[in-house]
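Written out below as structure tokens is the structure these notes cover.
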Amino acid sequence: MTDKDPTGDVGEDPELYVVNFSDAAGAEEYRRRRERSRSIARGRYHDYLAAMFGLHSSDDPGALADAALDAVSLWLHVDSGEPCSCSCHPRLPESDFHDYGFGCSCTRTAQERRLAWDNWRNEATAFWQSPEGKRIRAAERAAEAELETWLATQPRVAVYSHGGLAPEQWRGIVDDHTFYFRERHDEWRIELDLRPNGRFARALVGTCADGQPRYETRELSEGEVIAQGTIDVNGYGTNPVGRVNFIVDTIRVHLARRACNLHVQDLSSIAVLLGCEVRWCPACGTRLSTY
């Protein structure tokens, strides 16, 4: 992620980064381990399939194909007999993406890839011009206007960029502290006080005249992870205003607890008044006891 100077309360969409790890420390050792694992896996599955074919030798190629597919992709729990979904097993495609793998770009020439891209872009343009597309755009504009109105009432909050679905990302400032919020696969985290980390990535910034992507180099930054959880947490919000409220609230609770000195002092007098152990800080809510 990168930090940007704010040009207003609501900025542009998050940038898309392309990170090359091939020159990172330990990359060569990682490649060797990966190739070794692939070699071992191929040998193991070769022997496994050879044994399965020995059990299902027949003149029926369809039956042999079914036996091979079951042998590779169907793994059952020994107790329940239910299919195992662990990613350590080979698996068949679970969606029609790339025509179930038969239309993957690796099977296409450059001309075929360009034609497929043009078709996709034309279909996307047609959708956004359809009544459904216009309805979605109108809802997005209304949500963005609501967010801008809310931010106008928050002088110590600024949002540089936000958007996305996988992941959803927000960058901005709360009470002079830069923040980065990210949610993916229903799990989120918030980083605070971002600083350059010495790593760089290519940011996709546009398209050249010949259709090739255009990149610029960006230095990445990161901060302290102050909170993380799932989208099931109370107050997570279902629209941009709800989400930014959740982010700002979480950051301010963290800052208040970090600045609070009460719970590091002797609270015995408060315990006497309460008649029980002080388990939560009365000033900031920090949990003091697990019992």
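The values are calculated or read from the model by the stated rules, or taken from the named source; none is laboratory data. It should be emphasised that the depicted structure is a prediction, and the values quoted were computed from it without experimental measurement. Methodologically, a virtual Cβ is constructed for each residue, glycine included, from the backbone with ideal geometry; neighbour enumeration extends over all protein chains shown.
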Of the residues in region 90-114, how many are assigned by TED's automatic domain parsing to the domain that holds ALA41 and either in contact with a Ser or Thr (Cβ under 7 Å, 6 or more places away or on another chain) or among the basic types (Lys, Arg) (or both)? 3
For region 211-256, how many residues are loosely packed, with under 14 Cβ neighbours inside 10 Å, assigned to a strand (DSSP E or B) and out of contact with any Lys or Arg (no Cβ under 8 Å at 6 or more places or on another chain)? 4
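Within region 157-194, track down each residue that is exposed (fewer than 12 other Cβ atoms within 10 Å of the Cβ) and either farther than 21 Å from GLY229 by Cβ or in contact with a His (Cβ under 6 Å, 6 or more places away or on another chain) (or both).
Keep residues of region 157-194 that are exposed (fewer than 12 other Cβ atoms within 10 Å of the Cβ), which gives 165-166, 175-176, 185-186.
ASP175, ASP176 - these are the residues of region 157-194 that are exposed (fewer than 12 other Cβ atoms within 10 Å of the Cβ) and either farther than 21 Å from GLY229 by Cβ or in contact with a His (Cβ under 6 Å, 6 or more places away or on another chain) (or both).
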For PRO155, work out the one condition from (1) under 26 Å from the mean Cα position of the chain (by Cα); (2) under 30 Å from ASP175 (Cα atoms); (3) not hydroxyl-bearing (Ser, Thr, Tyr) it doesn't fulfil. (1)
